[in-house]
1. Would you be able to say whether some residue in the stretch 49-60 is within 11 Å of the chain's Cα centre (by Cα), at pLDDT below 95 and among the hydroxyl-bearing types (Ser, Thr, Tyr)?
2. I'd like to verify a number: residues in the stretch 1-32 that are assigned to a loop (DSSP other than H, G, I, E, B), in contact (Cβ under 8 Å) with a residue 40 or more places away in the chain and among the aliphatic types (A, V, I, L, M), how many?
3. Would you pick out the residues in the stretch 13-43 that are under 18 Å from residue 60 (Cβ atoms), at pLDDT 95 or above and loosely packed, with under 14 Cβ neighbours inside 10 Å?
4. List every residue pair whose Cβ atoms lie under 8 Å apart, where the two residues are 6 or more positions apart in sequence or sit on different chains, the first residue falls within the stretch 33-60 and is more than 14 Å from residue 4 (Cα to Cα), and the second residue, located anywhere, is surrounded by fewer than 17 Cβ atoms within 10 Å (Cβ to Cβ) and basic (Lys, Arg).
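The values are calculated or read from the model by the stated rules, or taken from the named source; none is laboratory data. Predicted model, so just to flag it, every value in this text is computed and none were measured. A quick note on method: Cβ atoms are made from the backbone with ideal geometry, for glycine too, and the neighbour counts reach across all protein chains shown.
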Amino acid sequence: MNDLNFVAAGDGTRIAYRIDGQAEKPGLVLSNSIGTTLRMWDTQIESLSKHFRVLRYATRGHGASGVPAGAYSSTGSAEM
C-alpha cells in the first residue's frame with residue numbers, strides 16, 4: 001500500500017492519492033472522512049476495482065497529504 005502519488009493543489013499543498021482498477025472501467029472517486037486517510041477504503045478496493053477505476057485521495061491534513069500553513073477556525077465564517 002505504498003503506491004501513493006502526489007499532486008500539488010493551487011496553493012502548493014501536496015495531496016496524496018492512489019488509483020486502482022483498469023483504465024477502461026468507469027471512474028469512481030472516494031474521499032476520506034475527517035480523522036481518517038485514503039486507507040479507510042482498503043477493504044472495499046478489491047471489489048470496487050473489478051467494476052471501476054478507483055481514485056481515492058487523502059484530504060488536506062490527513063494521511064500523507066500536506067497541511068497548509070495558515071490560521072484555522074472552526075466557526076466557518078469568513079471576512080468580507
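1. Within the stretch 49-60 (the criterion being within 11 Å of the chain's Cα centre (by Cα), at pLDDT below 95 and among the hydroxyl-bearing types (Ser, Thr, Tyr)), the answer is yes, since at least one residue qualifies.
2. Of the residues in the stretch 1-32, 3 are assigned to a loop (DSSP other than H, G, I, E, B), in contact (Cβ under 8 Å) with a residue 40 or more places away in the chain and among the aliphatic types (A, V, I, L, M).
3. 29
4. Cβ pairs passing all conditions: 49/25; 51/25; 52/25; 53/25.
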